[in-house]
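Heads up: the structure comes next, in structure tokens.
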Amino acid sequence: MATHAFKINRYNPDDERRGHYMQEYPLDVQKGWTILDCLNEIKWKQDGSLTFRRSCRSGICGSCAMTVNGVNMLACETQALTLKSSTIVVEPLRGYPVIKDLVVDLEPLVESLYAVKPYLITKTPLPTDQERFQSPEERAKIDGLYECILCGACTSSCPSFWADKKYIGPHGFLKAYRFVADSRDEGTREHLEALDDKHGLWRCHTIFNCVEACPKDLNPTKAISELKKELVREKIG
Ligand code: FES
């Protein structure tokens, strides 16, 4: 057990005069506690007004993405003692409007996701057996693409998004490529449509922040480069 100082962003929309400020909470961190466990301890035993999102506690729902000591991560997947710092600074994801304390408004993330038509587009009728089959090799092509949990950590870490709030962002590109790479999908043009735009693919400067930030170890930058090739192929017919 070790005493840590948690410095946590506080913001209450009903107290605009105060704005954002950091509040410090001491906490005896036990071995095995995640950052989410620590936040729960603080909320349950020190300050019930502290507000943050969480749901699954298993790295599945993406609700608990936040910035800890300057790095985007899932609070429920991060062991507090591995941070090797007795001061832990917890902030909301950058680039999104803050609703309260650590909770951000993810509406821009959802809007840009819709733009890439994040669903299977088919044009040929279903085969009589009612299934669209894939070979194991075709199925393997969407490994590393379908696992995104839409936590927002990648896009929140991207300077292109900080500069342009309408930028589709790495989460949207990864999702677009998940369908473009799917052998059953027949809507490549539709998925690419929104990407060939000033808020689209060409605004990516290959900084790789998204790769570092992804808690699922996915590679949106690789997906972006594949999509750029697809777009050029589409353009030259
Ligand atoms: S609470 Fe669901 S990913 Fe952390």
Item to check | Options Ser156, Leu113, Gly187, ranked by Cα towards positive dipole end of the range 113-205, top entry (Cβ charges) | outcome: Ser156
Item to check | Positive-pole candidate from Gly48, Ile35, Gln23, dipole of the range 2-104, charges at beta carbon | outcome: Ile35
Checklist entry - Pairs Lys166/Lys228; Lys141/Lys198; Lys198/Lys235; Lys43/Lys166; Lys100/Lys222; Lys117/Lys216: which are spaced more than 25 Å apart, C-alpha to C-alpha? => result Lys141/Lys198; Lys43/Lys166; Lys100/Lys222
Next on the checklist: I'd like to compare 180-188, 126-134: which one has the highest average count of other Cβ atoms within 10 Å, and what's the full order after that?
Outcome noted: 180-188, 126-134
Checklist entry - Order of Tyr114, Tyr177 from fewest to most other C-beta atoms within 10 Å? => result Tyr114, Tyr177
Item to check | Neighbour-count order for His4, His205, fewest beta carbons within 10 angstrom listed first | outcome: His205, His4
Checklist entry - About its Cα centre, what dipole magnitude does the range 98-137 give when the only charges are +1 on Lys and Arg Cβ and -1 on Asp and Glu Cβ, stated in debye to the nearest 20? => result 180
Checklist entry - For the chain, with only Lys/Arg (+1) and Asp/Glu (-1) charged at the beta-carbon, what is the dipole magnitude about the Cα centre, in debye rounded to 20? => result 320
Checklist entry - What's the long-distance tail for the chain, i.e. % of Cα pairs beyond 22 Å? => result 57
Checklist entry - Where does the charge balance sit around Val103 when Lys and Arg score +1, Asp and Glu -1, over other residues with C-beta under 11 Å from its C-beta? => result +1
Next on the checklist: If you average 1/r across every pair of different Cα atoms in the range 107-235 and take the reciprocal, what Kirkwood value do you get, in Å?
Outcome noted: 15.0
Checklist outcome for this item: Karplus-derived 3J(HN,Hα) from phi for the range 222-231 (6.51 cos²θ - 1.76 cosθ + 1.60, θ = phi - 60°), whole Hz, x at Gly and Pro, runs 5, 4, 4, 5, 5, 5, 4, 5, 4, 5
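Just so you know, all these numbers are worked out from the coordinates, no wet-lab data involved. Keep in mind that what you see is a predicted model, and the values were worked out from it rather than measured. Ideal geometry is used to build each Cβ from the backbone, glycine not excepted, and the neighbour counts take in all protein chains shown.
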